[in-house]
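Trainee: Would you mind keeping the following structure in view while I ask a few things?
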Amino acid sequence: MRWGTLLIHNGHENDPSSGALGVPLIQTSTFDQGAYYAAVLAATALETTGPEETKVPQFDYARSGNPTRQALEEIIASLEGGAQGYAFGSGIAAISSALGIFSAGDHIIAAEDIYGGSYRMLNTFYKRWGLELTAVDASEPEEIRRAIKPNTKAVFLETPSNPLLKITDLKTCIGIAKEAGLLTIVDNTFMTPYFQRPIELGADIVLHSATKFLGGHSDVLSGLAVTATRELGKRIYAVQNGFGAVPGPWDVWLVIRGIKTLKVRLEAQQKTALFLSQRLREHPSIEAVYYPGLEDHPLKVIHDSQSSGAGAVFSFKTKITEQALRFLGKVKLAAAAVSLGGVETIASYPVRMSHASIPPAERKRLGITDTLIRISPGLEDPEDLLEDFEQALRQ
Ligand SMILES: Cc1ncc(COP(=O)(O)O)c(C=O)c1O
């Protein structure tokens, strides 16, 4: 099946018990196990089978598992080409839980421009708990090789990066990690499996903020993890159940519904991202535009070799700070907000939003200036967005 079909016909298109279209929303915290104990009692009385041979219930308590959540976990595992999927209450819950498989004394190499919240988590909580971190410029894969130490356990990547849309060569980095026996973890939030499937390139764990394109409507917080093997899946399940950062069934249901329209949304949003980035780069107030869909984006060739699209997020720098602030204050069709991937256009200000937790000197070194704005186009007509952006940039 092709992608448009796969997003709808993924084994969960209807409920076998009722014939209803879609996955039932099972809103419960626990499951009645009376039938199981009745079967145990009957088997014991008849002395035919021992209690241990009576099939244990599939679901016992909602932190450990829920049928609605399981449907989403199976859907994301199949879309990413992985063995197991796990759902969490937010993207950061998925990332922190995946990192929970490591121990004090382990060393992680991370791309220096991963999502600001992931950087903060690694650099504060996990550091305090004894996980060592080295941040490298992963667009130079040799930096990963140079950072490997005897206690290194994993490489954590994100491509395109946020907010400057830098590209990491996944195949080369995964190759370096594999040679050294390390796991590769990829945050695939920006691309989604529709455009990029890191497990097919050899990655071990793929992470998502499903709050973004997978949910797609700015109405739910959710996170996902997919493992390439069942063995790794067991390790993440132990953290999912043990830490308990799980999503509620209603949130899971919204993500399942969002995934059905992923292709049409992303195709339209990608077109708008290209249109706006091409037009804005000609604007006199704009210093630079960052988007892997632009022909002169450095490493576009590498991005195109590992992804089937440029995605639907771009960023730009105005010439002076006042122009950026003016844009955020005057733009009407874009919400000046944190987040991306919704049906409504969002303009983010990384220096005060997603990357505010990165120390100023470090931010400056990374090029995250106070003239930088990140755009996630929604499904509005592109010409309306352009007109609105132009009025917001007018002096
Ligand atoms: C690339 C990326 N990863 C992870 C996250 C964290 O996700 P959440 O906000 O759902 O916790 C974000 C949020 O902006 C993100 O952009």
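Trainee: Among the numbered conditions (1) surrounded by fewer than 17 Cβ atoms within 10 Å (Cβ to Cβ); (2) more than 16 Å from the ligand (Cβ to nearest atom), tell me where Q306 comes up short.
Mentor: (1)
Trainee: Check whether at least one residue in the stretch 80-95 is surrounded by fewer than 16 Cβ atoms within 10 Å (Cβ to Cβ) and aromatic (F, W, Y), and report yes or no.
Mentor: no
Trainee: Further question on the same structure: Just to check your reading of the model, which residue among T68, T124, T30 is closer than 30 Å to I358 by Cα and either within 16 Å of the ligand (Cβ to nearest atom) or at pLDDT 95 or above (or both)?
Mentor: T124
Trainee: Which condition number in (1) in contact (Cβ under 8 Å) with a residue 12 or more places away in the chain; (2) more than 9 Å from the ligand (Cβ to nearest atom) is the one that G117 fails?
Mentor: Answer for G117: the failing condition is (2).
Trainee: Further question on the same structure: Do we have V246 as out of contact with any Asp or Glu (no Cβ under 9 Å at 6 or more places or on another chain), among the hydrophobic types (A, V, I, L, M, F, W, C), within 14 Å of the ligand (Cβ to nearest atom) and in a helix (DSSP H, G or I) here?
Mentor: no
Trainee: Another one. Would you confirm, using the coordinates I've provided, whether G341 is touching a strand residue (DSSP E or B) at 6+ places or on another chain (Cβ under 8 Å), assigned to a loop (DSSP other than H, G, I, E, B) and more than 15 Å from the ligand (Cβ to nearest atom)?
Mentor: no
Trainee: So the check is Cβ under 6 Å with 6+ separation or different chains; which pairs have a first residue in the stretch 156-167 that's within 19 Å of T134 (Cα to Cα) and a second one that's within 12 Å of the ligand (Cβ to nearest atom) and outside any loop (DSSP other than H, G, I, E, B)?
Mentor: Close Cβ pairs satisfying both conditions: F156/I185; L157/A111; L157/V186; E158/A111; E158/D187.
Trainee: Follow-up question, since we're still on this one. Would a scan of the stretch 255-262 turn up a residue that is in contact with a strand residue (DSSP E or B) (Cβ under 6 Å, 6 or more places away or on another chain) and either crowded, with 18+ Cβ neighbours inside 10 Å or in contact (Cβ under 8 Å) with a residue 12 or more places away in the chain (or both)?
Mentor: no
Trainee: Taking the stretch 351-380 only, how many residues are closer than 23 Å to F195 by Cβ, modelled with pLDDT of 95 or more and either touching an Asp or Glu at 6+ places or on another chain (Cβ under 6 Å) or not aliphatic (A, V, I, L, M) (or both)?
Mentor: So the answer is 5.
Trainee: Restricting the search to the stretch 334-371, which residues are without any contact (Cβ under 8 Å) to a residue 60 or more places away in the chain, surrounded by 22 or more Cβ atoms within 10 Å (Cβ to Cβ) and in contact with a Ser or Thr (Cβ under 6 Å, 6 or more places away or on another chain)?
Mentor: A334
Trainee: Restricting to the stretch 213-228, what's the tally of residues that are touching a strand residue (DSSP E or B) at 6+ places or on another chain (Cβ under 8 Å) and either aromatic (F, W, Y) or more than 13 Å from the ligand (Cβ to nearest atom) (or both)?
Mentor: 3
Trainee: Return the pair list, or none, for Cβ contacts closer than 6 Å from residues in the stretch 91-102 that are hydroxyl-bearing (S, T, Y) to residues that are near the ligand (Cβ under 8 Å from one of its atoms), at least 6 apart or on different chains.
Mentor: Here the result reads none, with nothing in the stretch 91-102 linked to a residue that is near the ligand (Cβ under 8 Å from one of its atoms).
Trainee: Please determine, by comparing only the residues of the stretch 185-212 that are more than 7 Å from the ligand (Cβ to nearest atom) and among the β-branched types (V, I, T), which one is farthest from G89 (Cα to Cα).
Mentor: Within the stretch 185-212, the match that is farthest from G89 (Cα to Cα) is I199.
The values are calculated or read from the model by the stated rules, or taken from the named source; none is laboratory data. Please read all numbers here as calculations on a predicted model, not as lab measurements. Methodologically, a virtual Cβ is constructed for each residue, glycine included, from the backbone with ideal geometry; neighbour enumeration extends over all protein chains shown.
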